[in-house]
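One structure is given here, and the rest of the page talks about it.
The values are calculated or read from the model by the stated rules, or taken from the named source; none is laboratory data. Being a predicted model, the structure only gives us computed values, none of them experimental. Backbone-built Cβ (ideal geometry, glycine too); neighbour counts: all protein chains shown.
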Amino acid sequence: MPQAAPSPISTRERLGFVRVAVVSPELVLGDVAKNVAVIVREARSLVHRGCRLVVFPELCLTGYSCADLFHADALLAAAGRGLAELAEATQDLPAVLVVGLPLVVQDRLYNVAAVIARGQVQGIVPKSFLPNSAEFYERRWFSPAHTLNTNEMRLNGQDVPIGTELLFEARDVAGFVLGVEICEDLWTVIPPSGHLALAGATLLANPSASTEVLGKAPYRRHLVAQQSARCYAAYLYAGAGPGESSTDVVYSGHGIVAENGLILGETERFSFETRQAVADVDVQHLAHDRLKSSSFRDETAGIPMQRISFDLGPALGGDDKLLRTITPHPFVPSAKVDRHAVCEEIFAIQATGLARRLKQARAKTAVLGLSGGLDSTLALLVMLEALKRAGMPMSAALTITMPGFGTTTRTKGNAEKLAEALNVELRTISINDAVRQHFADIGHSEHQHDATYENSQARERTQILMDIANKTGGIVVGTGDLSESALGWCTFNGDHMSMYHVNVGVPKTLVRYLIEWCAEGPFADKAGAILRDIADTPITPELLPLAADESLQQKTEDTIGPYELHDFFLFHFVRNGSSAEKIRWLAAQAFAGKYDDETIARWLALFFKRFAQNQFKRSSVPDGPKVGSVALSPRGDWRMPSDFSGDLG
């Protein structure tokens, strides 16, 4: 087979992604030569797709279900020869292979995983926990790892490390540190992979031969995902397939790739043909989460580990297109989840937080500025639920609409219709005369449409709300969202301020999603049509005068860029600690066909600039509930100096 020319380090690898695969190969039970041939073929194919780690099932050289034949000298000798042939046949591949086989060490038989790289067996990991109940009889043939009396063995003419305390590091692939456990090891109270992760393993491989019974697959999937999350690692689970004996049980060939609690890929189960799952795992992201987690940093592996280092060389094949889903809307629940359950949970968090504040303040009213836009609409819906939870009458809801120089008939009309549909008191207080008087007081021309012109209106509205709350014994419910907080798109001591900010943990893309859900669900009968129109309304602060035809002169996204891009930037910067280069590269893939590279780069530069410049607003933000994994409260989630002048990217 002609060899592909080695490629220089790809952008994908340089930005912290490692391409991995789990394989359930077509198995010929007991025929080592044929199994080796299949493994070589699959390994070569996957490595030419850019894979750096390929994991095969437990005892895959012989088959897991050989039973008493494991005591046959011929089978054991064939397994040893097969391992040597496999290493030699893959010496040109710049990848690590993990394969299972039975191996005799000092007169004991062990169920082991061999780690192969560049034509050499780099180490042998024996299975620690041997299942010996129900359909499993492993103690009949194998000895557990703790019975080993050596940490090195002679294998095919070389001295090879053996033990459970081995880590395998590819020095020339950033973040590649591999730890191995075998099948049942994962199902124990304290899996070995926990110690391996604490010692530095970012990639955890599990060659397995789990039988298939009703309900076991979802449990296995959950177990793998949870262990990857607990270890802040990628977890590669390669299960034996239907080629194993079906005398009493069936094997499905379930392969799973998980990263930090997220399933990235799975194999098709119950296929007699070879099946694989390939994914790009983000080891840079894993390292970031480990740095942030004090519980991870403060724990030690507890067991001395031996790190085996080697170089793999440049990858073969593969391109820079990620083999994983990069959602353009990371804050919005995917289509696979229960939308109703997620939205109810978000509402419960927001409403419970506000209800607690209403009870603590012994408030008689909840006062809210209702513009007819997205944020104030969501805040109103949450406020009504909060009143129920606080045991307060719906009459305590007091909304104020405050039309100004840029207020449109559409938004004012929607505010009025919404309040009427929900049976909420709505007062209309025009701010025009008060703002004109203020302009006169400070000597500012009404025709000079600058920051003073806009901010004066925002602060006048906040003053009205605060004073009415004082007058009625209530609190002002803020409406600003997480995206506005990130960008500083709020007037300091204007809409920036309230007595409780219910939307402070909800980004703009999620605000729209929640309102659309309300329109279809809990508020469909009362206000469905109104909510749908609000969700479709252009986002604007309505602070500049309307055109002669009463059309908007000011649209927020024309000025600062699309909120869906900024929410994407926010998530990957704050949640994952990603660099500007990585965020730009990910955005190009997530928004392919919608935004070109130049557009993404322009708005990303603006995001970083505004994020740094507006920390002073976040440093004095009102209380409000955290909703998702990204929050910017200075009291719990995000602390940075307001006068930071470095490069955030």
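Within the stretch 260-280, residues that are of a type in the set (Asp, Glu) reach partners that are not in a strand (DSSP E or B) with beta carbons closer than 7 Å, at six or more positions or on different chains, in the pairs Glu273/Glu26; Asp280/Arg12; Asp280/Leu322; Asp280/Leu323; Asp280/Arg324. Scanning the stretch 95-120 for residues that are touching a helix residue (DSSP H, G or I) at 6+ places or on another chain (Cβ under 8 Å) and surrounded by fewer than 22 Cβ atoms within 10 Å (Cβ to Cβ) returns Val104, Arg108, Leu109, Gly119, Gln120.
Got a sec? Which of Ala225, Ala229, Ala234 is in the same structural domain as Ala134 (by TED's automatic domain parsing) and buried (at least 24 other Cβ atoms within 10 Å of the Cβ)? On inspection, the qualifying residue turns out to be Ala234.
A single member of Lys417, Lys388 is in contact (Cβ under 8 Å) with a residue 40 or more places away in the chain and surrounded by fewer than 19 Cβ atoms within 10 Å (Cβ to Cβ), and it is Lys417.
The set of residues from the stretch 153-166 being surrounded by fewer than 22 Cβ atoms within 10 Å (Cβ to Cβ), of a type in the set (A, V, I, L, M) and modelled with pLDDT of 95 or more comprises Met153, Val160. Restricting attention to the stretch 391-406 and to residues that are farther than 20 Å from Glu420 by Cβ and not hydrophobic (A, V, I, L, M, F, W, C), the residue that is surrounded by the fewest Cβ atoms within 10 Å (Cβ to Cβ) turns out to be Gly391. Within the stretch 110-146, restricting attention to residues that are among the polar types (S, T, N, Q) and farther than 24 Å from Arg307 by Cβ, the residue that is modelled with the lowest pLDDT is Ser133. Checking each residue in the stretch 422-480 for being within 30 Å of Ala351 (Cα to Cα), charged (D, E, K, R) and surrounded by 12 or more Cβ atoms within 10 Å (Cβ to Cβ) picks out Glu425, Arg427, Arg459, Glu460, Arg461, Asp467. Selection over the stretch 352-379 of residues that are among the β-branched types (Val, Ile, Thr) and assigned to a helix (DSSP H, G or I) gives a count of 2.
Apart from one condition, Cys343 fits all of (1) free of Cβ contacts under 8 Å to residues at least 60 places away in the same chain; (2) buried (at least 18 other Cβ atoms within 10 Å of the Cβ); the exception is (1). Checking each residue in the stretch 632-649 for being in contact (Cβ under 8 Å) with a residue 40 or more places away in the chain and over 25 Å from Glu581 (Cβ atoms) picks out only Ser633.
One residue alone among Ala74, Ala89 is surrounded by fewer than 19 Cβ atoms within 10 Å (Cβ to Cβ), free of Cβ contacts under 8 Å to residues at least 60 places away in the same chain, touching a helix residue (DSSP H, G or I) at 6+ places or on another chain (Cβ under 7 Å) and not basic (Lys, Arg), and that residue is Ala89. In the stretch 129-152, the residue that is farthest from Ile182 (Cα to Cα) out of those that are touching a Ser or Thr at 6+ places or on another chain (Cβ under 9 Å) and either among the basic types (Lys, Arg) or surrounded by 17 or more Cβ atoms within 10 Å (Cβ to Cβ) (or both) is Leu148. Just one of the listed residues (Ser45, Ser24, Ser65, Ser7) is modelled with pLDDT of 95 or more, among the polar types (S, T, N, Q) and over 21 Å from Ala209 (Cβ atoms), and it is Ser45. Annotation: of all residues in the stretch 151-202 being closer than 17 Å to Cys231 by Cβ and of a type in the set (Val, Ile, Thr), the one that is farthest from the chain's Cα centre (by Cα) is Thr164. Look at Ser252 and say whether it is at pLDDT 95 or above, of a type outside the set (Asp, Glu), buried (at least 20 other Cβ atoms within 10 Å of the Cβ) and assigned by TED's automatic domain parsing to the domain that holds Leu27. For Ser252, the condition - at pLDDT 95 or above, of a type outside the set (Asp, Glu), buried (at least 20 other Cβ atoms within 10 Å of the Cβ) and assigned by TED's automatic domain parsing to the domain that holds Leu27 - is met. Please work out if Ala33 is surrounded by fewer than 17 Cβ atoms within 10 Å (Cβ to Cβ), at negative phi and modelled with pLDDT of 95 or more. Spelling it out, Ala33 is indeed surrounded by fewer than 17 Cβ atoms within 10 Å (Cβ to Cβ), at negative phi and modelled with pLDDT of 95 or more.
Under 9 Å between Cβ atoms, at least 6 apart or on separate chains: pull out the pairs that start in the stretch 354-367 with a residue that is closer than 14 Å to Met383 by Cβ and end on any residue that is of a type in the set (Asp, Glu) and part of a helix (DSSP H, G or I). From residues that are closer than 14 Å to Met383 by Cβ, the pairs are Leu354/Glu385; Ala355/Glu385. From Gln360, Gln437, Gln463, which residue is at pLDDT 95 or above and under 36 Å from the mean Cα position of the chain (by Cα)? Unique residue meeting the criteria: Gln360. Of all residues in the stretch 307-353, those satisfying the criterion of being within 16 Å of Pro625 (Cα to Cα) and small (Gly, Ala, Ser) are Ala348, Ala351, Gly353. Scanning the stretch 317-338 finds no residues that are closer than 24 Å to Thr462 by Cβ, surrounded by 22 or more Cβ atoms within 10 Å (Cβ to Cβ), in contact with a helix residue (DSSP H, G or I) (Cβ under 7 Å, 6 or more places away or on another chain) and of a type outside the set (Asp, Glu). Taking helices (runs of 4 or more DSSP H) as the structural unit, those lying wholly within the stretch 551-649 and holding at least 2 residues that are more than 21 Å from the chain's Cα centre (by Cα) correspond to 556-560, 597-613, 615-618.
Scanning the stretch 269-309 for residues that are in contact with a Lys or Arg (Cβ under 9 Å, 6 or more places away or on another chain) and loosely packed, with under 15 Cβ neighbours inside 10 Å turns up Leu291, Arg297, Ser309. Here's a check for you: in the stretch 489-511, which residue that is of a type in the set (Val, Ile, Thr) and under 14 Å from Val621 (Cα atoms) is modelled with the lowest pLDDT? Within the stretch 489-511, the match that is modelled with the lowest pLDDT is Thr491. Restricting the search to helices (runs of 4 or more DSSP H) fully inside the stretch 421-509 and requiring at least 2 residues that are under 17 Å from Gly624 (Cα atoms) and touching a helix residue (DSSP H, G or I) at 6+ places or on another chain (Cβ under 8 Å) gives 482-487.
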